[in-house]
Amino acid sequence: MSSLLIRNARLVLPGRGDLPAGSVLIEGERIAGVFTGSDGPSSAGEVIDGAGLAVMPGLTNAHHHSYSNVLRGTRNDRRLESWALYTVAHGYVLDGEAIRLAALLGAAEAMRHGVTALIDHAPHIAHAEAALEAHRQSGLRVGFAPFMHDRSDHDLLGVTLPADLRTVFDAPNRAPETIADFYRRLVKEWQGRDGRIQLMLGPNAPQRCSPALLDLWRTLADELSLRVHTHLCETRPQASYGEREWGGTVHELARRGLLNDRLSVAHGIWLQESERDLLAKHGVTVSHNPASNLMLGSGTMPLVDYLKRGVRVALGSDSANTGGAANLFEVMRLALMLPRPTTADETEWPTPEKVFALASEGGSRALGTEAGRIEKGRLADLVLLRLDTPLMAAPEPSLNTLVMQGGAHAVEATMVGGRFVYRDGKVLAFDEPALMRRYQEVAATIVGAASERLRLAEKAEPYFTALYPKF
């Protein structure tokens with residue numbers, strides 16, 4: 001078993017705001033020892049002098065749509081219900097090669113930002129194999145959650161589209177048996193591949209699933225022992241539907257036995273207090289996506305209230321064409337700052353230690369992995385950051401400095417399961433220059449292929465914008 005010793009570094013340890021000097025010993029894919037001060041071994045198979053470095057647990061992007069990494073720069077100046085028309089138009093024409101490129105582009109970005117794991121909530125089930133192969137190649141730890149849904153927003157929200165547009169924007173019509181066979185096959189072929197790939201159920205959103213699919217959700221989660229990832233009440237119209245039809249979406253999930261600690265939900269902005277309490281009671285993790293929520297005007301998740309109620313929270317970047325960069329340092333800063341104008345008691349403001357724990361431990365919990373903390377026995381999903389640069393300069397290194405100043409500029413190396421996937425400015429897990437050459441060859445085609453679909457999205461949009469004054 002290979003061993004690696006990182007010594008004389010500053011360590012980000014659980015529950016501490018300071019960064020004590022110390023060493024981390026890694027054997028195989030796990031942390032074999034954590035030592036502060038001058039304690040610990042002096043040799044190993046490889047020794048890294050950590051002078052000027054901090055060692056932190058890797059971050060988990062707990063809500064991401066990897067396909068969007070080839071759609072940067074496309075429009076994001078609409079509310080979600082209208083924006084979705086455009087991203088679906090682009091997504092409809094993406095082929096397996098575009099999905100492969102998107103996943104690897106996202107991986108190169110993620111590891112530069114200290115992200116060692118992510119949940120990919122994936123709409124393009126026809127190209128699931130291409131996405132999974134790219135995730136395997138990336139070297140990152142990935143929860144892959146392919147979509148399932150059979151109900152359309154225009155029907156749920158009372159939008160009357162002309163017949164020619166309905167056929168374009170209707171949800172897919174796939175029998176529950178077909179969906180079940182799809183998941184069973186993927187689990188058989190991919191679950192646990194390379195020790196890093198995890199299959200998850202990916203209901204698009206509860207209201208977008210018929211009763212038959214909600215039943216299938218429970219059946220497959222139990223039968224295949226799968227974790228589940230879904231959107232939840234991202235916008236006011238979505239929440240209003242749940243309140244009208246079910247007395248609250250979370251209440252319906254509870255009645256159906258779908259709430260448990262294997263479930264993670266993205267957004268959760270518009271929930272009743274009783275719904276938040278149910279999430280806390282059942283150990284559900286909420287992925288907070290502040291950048292995307294702001295970009296699409298969806299609202300601001302009441303993070304302080306969630307934490308006071310004991311709801312488990314993680315952080316996510318969402319789509320590249322809504323939340324921007326998959327930069328969890330920036331997401332941490334937004335999570336830190338956004339509650340302050342509306343929280344009168346300063347003692348209730350989230351601290352740097354808290355938001356860092358959401359991005360590390362919280363995300364690891366959503367994935368169900370033994371990572372997220374620098375502790376003996378945990379997976380060695382670790383990040384080395386440079387502290388000896390002008391951008392990170394501080395009288396004394398601290399977690400506050402790391403959260404407030406950190407970013408890709410500080411990331412020296414990223415490690416997953418004891419193996420470096422990024423080091424000294426280079427991606428090691430795959431050929432990044434070849435990836436970029438291929439992307440540049442097809443980038444214009446990827447966006448241009450959607451022109452006719454985008455025209456139809458423009459025709460449909462007024463029917464959706466007419467909704468918003470009602471809310």
So what's the gap between the Cα centers of the stretch 140-186 and the stretch 30-101, to the nearest angstrom? 26 Å
Among 108-115, 264-271, 238-245, what's the highest-first ranking by average C-beta atoms within 10 angstrom per residue? 264-271, 108-115, 238-245
Collect residues whose amide H, placed 1.01 Å from N in the peptide plane, falls under 5 Å from the amide H of L315; neighbours closer than 5 in sequence don't count. A62, H288, G363
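Could you grab the Rg to Rh ratio for the stretch 1-55? Cα atoms only, Kirkwood for Rh.
Here Rg/Rh amounts to 0.95.
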Across the chain, how many lysine pairs, 8 or more positions apart or on different chains, have C-alpha atoms separated by under 25 Å? Please give the number. 5
Reciprocal mean inverse distance between Cα atoms of the stretch 1-150 - Kirkwood radius, Å: 18.0 Å
Residue by residue through the stretch 161-167, which ³J(HN,Hα) values in whole Hz follow from phi under the Karplus form 6.51 cos²θ - 1.76 cosθ + 1.60 (θ = phi - 60°), with glycine and proline marked x? 8, x, 4, 5, 7, 4, 5
Long-range amide H contacts for S152: which residues qualify at under 5 Å (H placed 1.01 Å from N, peptide plane, sequence gap of 5 or more or a different chain)? A171
Pair R193, A434: separation of 7 Å Cα→Cβ label points (nm): 1.8 nm
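All of the numbers you see were taken from the coordinates with simple rules; none came from a lab. All figures in this text were calculated on a predicted structure; none of them were measured in a lab. Ideal geometry is used to build each Cβ from the backbone, glycine not excepted, and the neighbour counts take in all protein chains shown.
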